[in-house]
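Worksheet for the structure shown next.
The values are calculated or read from the model by the stated rules, or taken from the named source; none is laboratory data. A quick note: this is a predicted structure, and the numbers were derived from the prediction, not measured. Virtual Cβ from ideal backbone geometry, glycine too; neighbours counted across all protein chains shown.
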Amino acid sequence: MVSLQELIEEPEDSFADDPEERLTVSGVSWESFERLLAKLEDNSHYRVTYLDEILEIVSPSEKHETVKSRIGFLLEFYFCIKGIKHTPMGSTTLKNRLKKAGAEPDECYCIGDKKEIPDLAIEVTITSGSIKKLETYRRLGVKEVWFWKNNQFSLYYLREEVPKNFADTYGYEKIESSILVPELNINFYSECILIPDQVEAWNRFQQGI
């Protein structure tokens, strides 16, 4: 893996679609984080997370991107069928300098009116990282976070701005069904995500909702 400085100085056309890799660098200033974001502005391949001067860069695998796309495809179809007002924000860079936090979710959405910070962030986890993602999202003010790992979702809803009762999960409560999208059957949704064929998955999901 290359160093942070090498990444910043690398020619733009050298960023290639490699198998999923993860680089973690500590002692990274906010200014260096901003420089890297500027360097990667036109390159959507990398996902960057920043928390307390620790920077994590993920180069997603094909499997990661396939699952990410399926999750977004079916969820946006659900929003449209159910008439749920929403704004897709994709992998928009979210950041707060004062709270030393930044993240690029795999998918994120505003539910209802458009906002600067999305209500829902979705993370596809193929290989575990070192950065505390829930703490990062708490500082950014994201209400609900869905993690897809080992072919299933884990859902979290922000209950505390200052973690106390939910200190182990950084102020988030682990929930069985979405509070933002309460009628969505998460287990059924997960089953459809796992169907290999896109059209078959869409047909099955359409019939089930």
* Please work out which residue is surrounded by the fewest Cβ atoms within 10 Å (Cβ to Cβ), limiting yourself to segment 37-63 and to residues that are among the aliphatic types (A, V, I, L, M) and farther than 19 Å from G90 by Cβ. => I54
* **Residues that are more than 22 Å from T66 (Cα to Cα) and small (G, A, S), drawn from segment 104-126** => G112
* Can you tell me which residue among T87, T93 is without any contact (Cβ under 8 Å) to a residue 60 or more places away in the chain and touching a helix residue (DSSP H, G or I) at 6+ places or on another chain (Cβ under 9 Å)? => T93
* Asked: Is it the case that some residue within segment 59-69 is within 18 Å of F153 (Cβ to Cβ), modelled with pLDDT of 95 or more, of a type outside the set (V, I, T) and within 14 Å of the chain's Cα centre (by Cα)?
  -> yes
* **E144 being free of Cβ contacts under 8 Å to residues at least 40 places away in the same chain, surrounded by 20 or more Cβ atoms within 10 Å (Cβ to Cβ), of a type outside the set (A, V, I, L, M) and more than 25 Å from E20 (Cα to Cα)** => yes
* Filter pass, Y109 being surrounded by 14 or more Cβ atoms within 10 Å (Cβ to Cβ), within 26 Å of N185 (Cα to Cα) and not acidic (D, E) -> yes
* Any chance F153 is of a type outside the set (S, T, Y), out of contact with any Ser or Thr (no Cβ under 9 Å at 6 or more places or on another chain) and farther than 21 Å from Y46 by Cβ -> no
* Test R47 against the stated conditions and say whether it is outside the structural domain of L155 (by TED's automatic domain parsing) and touching an Asp or Glu at 6+ places or on another chain (Cβ under 7 Å). => yes
* Only residues that are at pLDDT below 70 and either among the basic types (K, R) or more than 23 Å from V124 (Cα to Cα) (or both): list them for segment 8-40, please. => I8, E9, E10, P11, E12, D13, S14
* Structure fact -> Expected output for segment 147-175 (first residue farther than 19 Å from P105 by Cβ and in contact (Cβ under 8 Å) with a residue 24 or more places away in the chain, partner outside any strand (DSSP E or B) and of a type in the set (S, T, Y), Cβ below 6 Å, 6+ apart or cross-chain) is P163/Y170
* Asked: Does K95 meet the test of being assigned to a strand (DSSP E or B) and more than 24 Å from N151 (Cα to Cα)?
  -> yes
* To do: Specify which of the listed residues (I193, I122, I117) is modelled with pLDDT of 95 or more, under 18 Å from I81 (Cβ atoms) and of a type in the set (A, V, I, L, M).
  => I193
